[in-house]
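Have a look at the structure below before the remarks.
The values are calculated or read from the model by the stated rules, or taken from the named source; none is laboratory data. The structure presented is a predicted model; accordingly, all values stated were derived computationally and were not measured. Every residue, glycine as well, gets a Cβ built from its backbone with ideal geometry; the counts of neighbours run over all protein chains shown.
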Amino acid sequence: MTPTKAPPRPGSHRPSLPVKFFYGLGNMGESAFIGAIAFVFFYYTAVLGLSGSLVGAALFLGLCADAVVDPFFGSWSDNLTSRFGRRIPLMVVGGPFMALSVGMLFMPPAGLPELGLFAWLAAWAILVRAGVSMFHVPYVALGAEMSSDYHERSSVVAWRTVFGILSTGVVTGLAYSLYFKGEGGLQRPEAYPAFGWTVAALIVASTLISTLGAARYAAGLPGVPPVSTHLLRRLPGEVAEIFRNASFRTLFFSAALCYTAVGVNGAFNSHAYVFVWKFQPAMIQTITFSFLGGLFVGVPLTPLVARRLEKKTVVMIGMGLVAGAWILLGVPKIAGLVDLSGAPALPWVATLVAVAGIGAGFCAIAYPSMMADAADEHEHLFGRRREGLYFAGLGFAFKAATGLGVLVSGFALDLIRFPKDAGRQVDLVLSPVLQDKIIFAWGPFGALMVLASMAILTAYAISHRRHAEVAAALRSGESARTP
């Protein structure tokens, strides 16, 4: 592959359809990992019988380690020089490492004592998150620099998100139609290792094909002036610099709170579906596909809506749909207004989950696009492009907050005295009080955090007009410049 000639400005041209296709394909890997990791909390708590507090702590350690190394990989990819640009070398290693770690996460040795099982989970949670960070941070930074056009960025993110939805659908289909199908469903421990390695194969294939397919385009993007200071010495100053931008701070703290809510909701998903709503595997698959269907509506709709409304408004609408759906999934059930379970409850839950999917689609497109706009503003204010660090910051918020959500969920399971042997009791009936506690944590509690996140986001000030001013200043050379 021969590098193409670099354009005069980062993203001053538009990536072709094949480039966006190959680039978007890379998100199948991370989305497959996210889809698989959603089963880990249930697997280790309800199936293997590990304390919820220990599971939450182990996954929290992995997410915190990942969040710590995110800025490292962000700065590294911002300043890396190679014949294929700044991002590709890290991506080509990160994808396979992520895949290997996912497979190991789902096959703990039999007979481990509780602390041994905790150590296995914690170690591989840390390693898999390091692999995710090595691939994901340069990957999303590459997407941000593919185009500087305000609306084209939403298109690039849309391609990435569509492939993510497809990947989630594949993982869901494999889970409920193959590995966890039939008697026992999610409560069968022997099904998990094969499921994990199948997901690992999907990860390694999609990330490598994407990396190789986007390599030529990435090689043609402009680099940055070399930096003589060692990465570890300059990193603290670079991190402090990005937090000096009010737009970044607003997005970071809003995302952190919103993703904490996502972490809590995701951790309690299987517990709510299996032990409260009494859904069989095929029904859970239907609900998951309903969410993906909502995403498929929200994702292509977002760029169209964003041409008429500000991106911040689009995110607000998305968050409102998610919070509203979660409230309606929980409050009527707790209040006794909805007394359904099993097949009769399926239309109610699936419809509201689809609404949440539409809202999530809005957020999935507009949020990263807003962060890319904030990175442009950073170059305008401080004279250096920091896409890698900006998306490392967004990744930090997502991973640390999601980890906090899982940690809270783990302690909550122990606090409400969820039975450790639940996985070995098919058709277990929990007390109504315990069911209400699970439903509250799963829906309304997360909704309250989403509403708080919306309040923080009101301070975000980059509009279409503001971004046009920044872009014009960058083109004219009137922005700050650092050596």
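Identify, please: which residue in segment 158-196 is assigned to a loop (DSSP other than H, G, I, E, B) and in contact with a helix residue (DSSP H, G or I) (Cβ under 9 Å, 6 or more places away or on another chain) and is, among those, surrounded by the most Cβ atoms within 10 Å (Cβ to Cβ)?
First pass over segment 158-196, keeping only residues assigned to a loop (DSSP other than H, G, I, E, B): 180-184, 188.
Add one more test, that the residue is in contact with a helix residue (DSSP H, G or I) (Cβ under 9 Å, 6 or more places away or on another chain), and what stays is 180-182, 184, 188.
Details: Phe180: 21, Lys181: 16, Gly182: 10, Gly184: 16, Arg188: 16.
Top of the filtered list is Phe180.
Inside segment 291-322, residues that are of a type in the set (S, T, N, Q) and touching a Gly at 6+ places or on another chain (Cβ under 7 Å) make up a count of 1.
Which of the residues spanning segment 258-283 are within 16 Å of Val40 (Cβ to Cβ) and among the β-branched types (Val, Ile, Thr)? Scanning segment 258-283 gives Val262, Val264, Val274. Close Cβ contacts (under 9 Å, 6 or more residues apart or on different chains) running from residues in segment 245-262 that are closer than 10 Å to Ala459 by Cβ to residues that are among the polar types (S, T, N, Q) and assigned to a helix (DSSP H, G or I) comprise Phe253/Ser453; Ser254/Ser453.
When Ser101 is tested against (1) in contact (Cβ under 8 Å) with a residue 40 or more places away in the chain; (2) part of a helix (DSSP H, G or I), just one condition goes unmet, and that condition is (1). Just to be sure, is Arg160 within 20 Å of Met370 (Cβ to Cβ), in contact (Cβ under 8 Å) with a residue 40 or more places away in the chain and among the charged types (D, E, K, R)? It is true that Arg160 is within 20 Å of Met370 (Cβ to Cβ), in contact (Cβ under 8 Å) with a residue 40 or more places away in the chain and among the charged types (D, E, K, R). Only residues that are closer than 26 Å to Phe180 by Cα and among the acidic types (Asp, Glu): list them for segment 20-68, please. Selection gives Glu30 alone. Of the residues making up segment 141-151, at least one is at pLDDT below 80 and surrounded by fewer than 19 Cβ atoms within 10 Å (Cβ to Cβ).
Search segment 34-55 for residues being small (Gly, Ala, Ser) and over 16 Å from Glu114 (Cβ atoms), and hand back the single one that is modelled with the lowest pLDDT. Of everything passing the filter in segment 34-55, Ala38 is modelled with the lowest pLDDT. Leu208 meets each of the listed conditions (1) under 13 Å from Ile37 (Cα atoms); (2) at pLDDT 90 or above; (3) in contact with a Gly (Cβ under 7 Å, 6 or more places away or on another chain) apart from (1). Within the option set Leu394, Leu457, being of a type outside the set (Gly, Ala, Ser), at pLDDT 90 or above, surrounded by 18 or more Cβ atoms within 10 Å (Cβ to Cβ) and within 20 Å of the chain's Cα centre (by Cα) holds for one residue only, Leu457.
Within segment 107-134, residues that are under 16 Å from Ser53 (Cβ atoms) reach partners that are among the hydrophobic types (A, V, I, L, M, F, W, C) and buried (at least 19 other Cβ atoms within 10 Å of the Cβ) with beta carbons closer than 6 Å, at six or more positions or on different chains, in the pairs Leu117/Leu50; Phe118/Leu54; Phe118/Ala58; Leu121/Ala58; Ala122/Ala58; Ala122/Leu61; Ala125/Ala58; Ala125/Leu59. With respect to the conditions (1) closer than 22 Å to Met91 by Cβ; (2) at pLDDT 90 or above; (3) over 17 Å from the mean Cα position of the chain (by Cα), Ala122 lacks only one, and its number is (1).
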